[in-house]
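This report refers to the structure that appears directly beneath it.
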Amino acid sequence: MARYDSLLDACGGTPLIGLPRLSPAVPEGAPPVRLWAKLEDRNPTGSIKDRAALFMVRRAEADGRLRPGDTILEPTSGNTGISLAMVAKLRGYRLVCVMPENVSIERIQLLRMYGAEIIFSPPAGGSNQAVATAKQIATEHPDWVMLYQYGNEANARAHYETTGPELLQDLPTITHFVAGLGTTGTLMGTGRYLREKVEGIQIVAAEPRYGELVYGLRNIDEGYVPELYDATVLSRRFSVGTRDAVLRTRQLVEVEGIFAGFSTGAILHASLAVAHEAVRDGRRADVAFVVCDGGWKYLSTGAYGGTLADAEESLEGQLWA
Amino acid sequence: MAIEVRIPTILRSYTGGAKVVEGAGDTLADLLADLDSRHAGLRGRLVTDADALHRFVNVYVNDEDVRFLGALDAKLNDGDSITILPAVAGGAFGFAAAAAIASHTVATRAAAAR
């Protein structure tokens with residue numbers, strides 16, 4: 001294998017794994033349609049966010065925005081916080097995360113273990129309250145540095161410089177790239193790189209569709225689209241509901257032995273959709289998709305066992321991707 | 001012979017509280033016009049004066065974003081399922097809070113620079 005001078009140097013370079021059992025069967029004589037999983041859970045803290053966290057911190061250091069001993073403020077309900085906590089620890093910064101209380105207990109434990117401090121926003125007031133809490137903290141601590149992954153070009157750059165080239169090297173015959181749409185960094189960076197190198201490549205987004213509790217709080221005039229998002233990079237965009245995401249997450253571990261989180265299930269659902277279309281049209285396809293993280297952090301939801309209806313209910317109101 | 005349309009909580013005031021309504025039309029534009037004839041005002045929340053989909057509204061035809069299928073000109077068929085959702089791409093909390101801090105920080109710096 002390989003040896004690295006520090007954990008930060010071991011970021012990326014993740015394996016691309018063929019899925020012979022989940023790939024759809026094609027009629028005899030028809031061109032092959034194959035699914036490939038890029039195991040981003042093999043990054044230092046177990047998620048794809050290590051790539052963005054490392055690039056954002058290095059960029060801020062190069063720009064002089066971050067100096068030794070500085071405090072980084074990150075409103076996050078998920079993996080970015082864990083990645084930043086690890087990078088901050090190794091590079092000598094303090095990390096403060098702001099998050100709502102309805103995230104899984106494992107995430108909180110992980111963040112604290114890596115040394116992050118957590119400020120909870122009261123869940124009762126919903127997103128408006130969370131926003132108010134975050135604003136108040138920023139007011140009280142104007143010297144804290146926010147890397148703002150939704151608008152930070154270094155987030156997309158990480159994938160342009162690493163994820164994209166890795167995929168092309170491992171799968172020169174790639175026809176589709178499928179990933180989750182959150183900050184949009186993975187799709188923008190990898191998508192731009194692959195579009196430059198592979199003629200006709202399809203860049204496909206899988207977006208989680210949460211339970212109504214999440215959307216119920218929203219006013220349409222106060223919507224959010226990350227600054228990084230550029231729709232021209234994408235070919236298609238799928239909305240995947242909780243039930244389909246859970247179904248595919250279970251299928252991935254049952255059929256191919258890959259234990260992933262629910263956002264990966266949503267991505268697999270979209271990947272299978274484009275794979276089956278290729279079979280129907282008699283076209284060759286090499287569909288590479290992202291396994292964002294492992295399933296460990298989501299075990300406490302109970303959604304890996306029992307009926308799909310129960311699983312759906314247990315995830316209702318949670319930000320599962 | 002109908003197209004099923006899922007309405008988000010925030011827009012159910014236009015549908016008498018109904019979560020799902022039915023409509024007809026060969027394109028999304030036709031469908032929205034048809035819906036507006038029975039649920040007055042609904043179309044105005046989804047489409048701008050310039051006849052484009054509102055930036056913060058996402059419309060999906062059979063779970064696929066209609067902006068990649070021709071937007072308002074997207075062809076529809078009987079039996080299609082339409083879902084309308086407010087745009088909250090990605091971690092709904094994270095982005096809302098991050099965007100608020102970022103705009104706040106910019107405003108504070110601008111004020112300090114004066």
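The table below lists the values:
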| item | result |
| --- | --- |
| Answer residue from the stretch A:64-123, given it is polar (S, T, N, Q) and under 22 Å from the mean Cα position of the chain (by Cα) and is modelled with the highest pLDDT among those | A:Ser83 |
| Index of the failed condition, A:Thr163 passing every other in (1) over 26 Å from A:Leu268 (Cβ atoms); (2) in contact with a helix residue (DSSP H, G or I) (Cβ under 8 Å, 6 or more places away or on another chain); (3) touching a residue at least 60 places away in the same chain (Cβ under 8 Å) | (1) |
| Qualifying residues in the stretch A:36-55 (those that are closer than 15 Å to A:Ile258 by Cα and touching a residue at least 60 places away in the same chain (Cβ under 8 Å)) - the one surrounded by the fewest Cβ atoms within 10 Å (Cβ to Cβ) | A:Leu39 |
| The lone exception for A:Val33 - which of (1) more than 14 Å from chain B (Cβ to nearest Cβ); (2) surrounded by fewer than 18 Cβ atoms within 10 Å (Cβ to Cβ); (3) of a type outside the set (Lys, Arg); (4) more than 25 Å from A:Tyr298 (Cβ to Cβ) it fails | (2) |
| Residue pairs meeting the criteria (Cβ under 9 Å; at least 6 apart or on separate chains; first touching a residue at least 12 places away in the same chain (Cβ under 8 Å) and more than 10 Å from chain A (Cβ to nearest Cβ), in the stretch B:1-18; second part of a helix (DSSP H, G or I) and aromatic (Phe, Trp, Tyr)) | B:Ile7/B:Tyr14 |
| Where a residue in the stretch A:90-115 is without any contact (Cβ under 8 Å) to a residue 12 or more places away in the chain and its partner, wherever it lies, is part of a helix (DSSP H, G or I) and of a type in the set (A, V, I, L, M, F, W, C), with Cβ under 9 Å and at least six apart | A:Arg112/A:Ala85; A:Met113/A:Ala85 |
| Residues of the stretch A:43-92 satisfying the condition of being closer than 25 Å to A:Glu166 by Cα and polar (S, T, N, Q) | A:Asn43, A:Thr45, A:Ser47, A:Asn79, A:Thr80, A:Ser83 |
| Criterion (among the polar types (S, T, N, Q) and within 14 Å of chain B (Cβ to nearest Cβ)) met by exactly one of A:Thr173, A:Thr184 | A:Thr184 |
| Residue pairs meeting the criteria (Cβ under 7 Å; at least 6 apart or on separate chains; first charged (D, E, K, R), in the stretch A:57-77; second not in a helix (DSSP H, G or I)) | A:Arg65/A:Val145; A:Asp70/A:Tyr93; A:Asp70/A:Val145; A:Glu74/A:Leu95; A:Glu74/A:Cys97; A:Glu74/A:Met146; A:Glu74/A:Leu147 |
| For B:Arg67: the one exception among (1) modelled with pLDDT of 95 or more; (2) outside any helix (DSSP H, G or I); (3) not β-branched (Val, Ile, Thr) | (2) |
| Residue within the stretch A:143-151 that is surrounded by fewer than 22 Cβ atoms within 10 Å (Cβ to Cβ), of a type outside the set (Val, Ile, Thr), over 24 Å from the mean Cα position of the chain (by Cα) and modelled with pLDDT of 90 or more present | yes |
| Top-ranked residue of the stretch A:39-84 - restricted to ones that are small (Gly, Ala, Ser) and within 20 Å of A:Thr14 (Cβ to Cβ), ranked as nearest to the other protein chains (Cβ to nearest Cβ) | A:Gly78 |
| Single condition B:Asp36 does not satisfy, out of (1) among the charged types (D, E, K, R); (2) outside any loop (DSSP other than H, G, I, E, B); (3) modelled with pLDDT under 95 | (3) |
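The values are calculated or read from the model by the stated rules, or taken from the named source; none is laboratory data. None of these values were measured; they are calculated from a predicted model. Ideal geometry is used to build each Cβ from the backbone, glycine not excepted, and the neighbour counts take in all protein chains shown.
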